[in-house]
Amino acid sequence: MSETREPAVWHGTTIMMVRKGGKVVIAGDGQVSLGQTVIKHTARKVRPLAKGEVIAGFAGATADAFTLFERLEAKLEQYPGQLMRACVELAKDWRTDRYLRRLEAMMLVADKNVSLVLTGTGDVLEPEGGIMGIGSGGNYALAAGRALADSEHDAETIARKAMAVAAEICVYTNDSVTVESLDTAE
């Protein structure tokens, strides 16, 4: 009897967003795993877009990340200063484009006014309370972030503490954290 093996699956990534006290922060861990092996410890999954007016974090395969970051950047050029509109247009393309709809990924994006979650199923959602986590450790980071939301901590401290909790629990998340932040319209 022959054994059927599942193809190696890329796991990893915890991306966390916190909007509080005049700042919005997106933090992401640096671990990339292939199956049960850590391939890289210092991947950069969070980056500024639109000349620094938007920040974004990505959960999914690296090639998919570059594709979606490029597509979002193009939409932001087409609709300058309109993050919601650019994201809705990207979500439409993501659902209908034969190539894009095969991407299994999620993104957190924010500008000074709005924070959004984008998915390949066409969702463009504004997280409740300004806090969201995606990826393999996203729910751990989300829970920790919500628990810290009413504390005296600022947005970056909350995001870093929440990422540390996720790194302690999720085997596909490490403590090599990249953080990008923006001042908000608050």
Cβ-based exposure ranking for Glu180, Glu77, in which fewest neighbours within 10 Å come first: Glu77, Glu180
For Ser136, enumerate residues with amide H under 5 Å from its amide H, sequence gap 5+ or separate chain, H modeled in the peptide plane. Gly12, Thr13
Rg and Dmax in Å for the range 10-178, alpha carbons only: what are they? 14.9, 47
So what is the 222 nm mean residue ellipticity for the chain from helices alone, if each DSSP H run of at least 4 adds -39500 (n - 2.57) and you divide by all residues, rounding to the nearest 500 deg cm²/dmol? -10000 deg cm²/dmol
Listed residues Gly60, Gly52, Gly133, most fluctuating in the chain (Gaussian network, C-alpha, under 10 Å): Gly52
Please compute the length gained on full extension between Leu125 and Leu34, using 0.36 nm multiplied by the number of residues separating them and subtracting their Cα-Cα distance. 29.8 nm
Enumerate lysine pairs in the chain that are 8 or more residues apart or on different chains, then count those whose Cα atoms are under 14 Å apart. 5
What nm distance separates the two modelled labels at Thr157 and Lys92, each placed 7 Å from Cα along Cα→Cβ? 4.4
Under a point spin-label approximation (7 Å from Cα along Cα-to-Cβ), what is the Gln82-Ala63 distance to one decimal in nm? 3.3
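Bear in mind that the values in this text are calculations on the coordinates, not laboratory data. Owing to the predicted nature of the structure, the values given are computational and were not obtained by experimental measurement. Note that each Cβ is placed from the backbone with ideal geometry, even for glycine, and that neighbours are counted across all protein chains shown.
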